[in-house]
Amino acid sequence: MSEKKKWEGGGEDQSWYSSSQTTLLEVMPLLTAPLSMMGSFLILWYLLWNHMQGKESLRQSLYHRLMVSLSLLDGLSSTSLLVLGPWVVPAAIPFTNLGRAHSYGACEAAGFLTNVLFGSMWLSGFLALYFVLL
């Protein structure tokens, strides 16, 4: 049985997952974030390269503007997930195994950045609406 950690809120860790499952859930985004970054930046590079070659105009096509915005936000969110990762979570939080931070400031900054970058979900919705109305 895994050792339960006490935390400031009182009581013990009431996680639904075992310690190994929690670690796997914390490590998986670190493995998939580089793939997402590469895909997003390749799409962004392709669209901007075609724009520079004069093949497509980003100002005239709503689709291309949505794709550039979506790729940029997705690339930034993947980068922040990889750079900030699970280690900015304070060690006092019982629901994490990789938490190493000594203050809540880094965790709050990571949470703020993650919430700001949720705009990619909105852009995905606008892209879907674009195709429905097309």
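The values are calculated or read from the model by the stated rules, or taken from the named source; none is laboratory data. What you see is a predicted model; the values in this text were computed from it and never measured. Quick reminder, even Gly has a Cβ in these numbers, built from the backbone with ideal geometry, and neighbours come from all protein chains shown. Side chains included, ligands, DNA and RNA excluded: accessible areas come from the protein's heavy atoms. Shrake-Rupley method; radii C 1.70, N 1.55, O 1.52, S 1.80 Å.
Worth pointing out:
- Residues considered: Val132, Val116. Of these, the only one that is among the hydrophobic types (A, V, I, L, M, F, W, C), open to solvent by 50 Å² or more (accessible area, probe 1.4 Å) and modelled with pLDDT of 80 or more is Val132.
- Single residue of Leu73, Leu98 found to be under 17 Å from Pro29 (Cα atoms), of a type outside the set (Gly, Ala, Ser) and not in a loop (DSSP other than H, G, I, E, B): Leu73
- Qualifying residue in the stretch 101-110 (condition: over 17 Å from Thr22 (Cβ atoms) and aromatic (Phe, Trp, Tyr)): yes
- Residue within the stretch 97-110 that is under 14 Å from the mean Cα position of the chain (by Cα) and open to solvent by less than 40 Å² (accessible area, probe 1.4 Å) present: yes
- Tally of residues being closer than 22 Å to Leu123 by Cα, in contact (Cβ under 8 Å) with a residue 40 or more places away in the chain and open to solvent by less than 50 Å² (accessible area, probe 1.4 Å) across the stretch 75-93: 3
- Search result, residues across the stretch 49-73 that are touching a Ser or Thr at 6+ places or on another chain (Cβ under 8 Å) and either farther than 18 Å from Trp122 by Cα or open to solvent by 50 Å² or more (accessible area, probe 1.4 Å) (or both): His51, Leu72
- In the stretch 3-39, residue modelled with the highest pLDDT [restricted to those that are among the hydroxyl-bearing types (Ser, Thr, Tyr) and surrounded by fewer than 12 Cβ atoms within 10 Å (Cβ to Cβ)]: Ser20
- Taking each residue of the stretch 105-134 that is touching a residue at least 40 places away in the same chain (Cβ under 8 Å) and looking for partners that are among the aromatic types (Phe, Trp, Tyr) with beta-carbon atoms closer than 9 Å, six or more apart or interchain, yields Leu127/Tyr63; Tyr130/Tyr63.
- Those residues of the stretch 119-129 which are open to solvent by 70 Å² or more (accessible area, probe 1.4 Å) and either in contact with a Ser or Thr (Cβ under 9 Å, 6 or more places away or on another chain) or modelled with pLDDT of 85 or more (or both), in sequence order: Trp122, Phe126, Leu129
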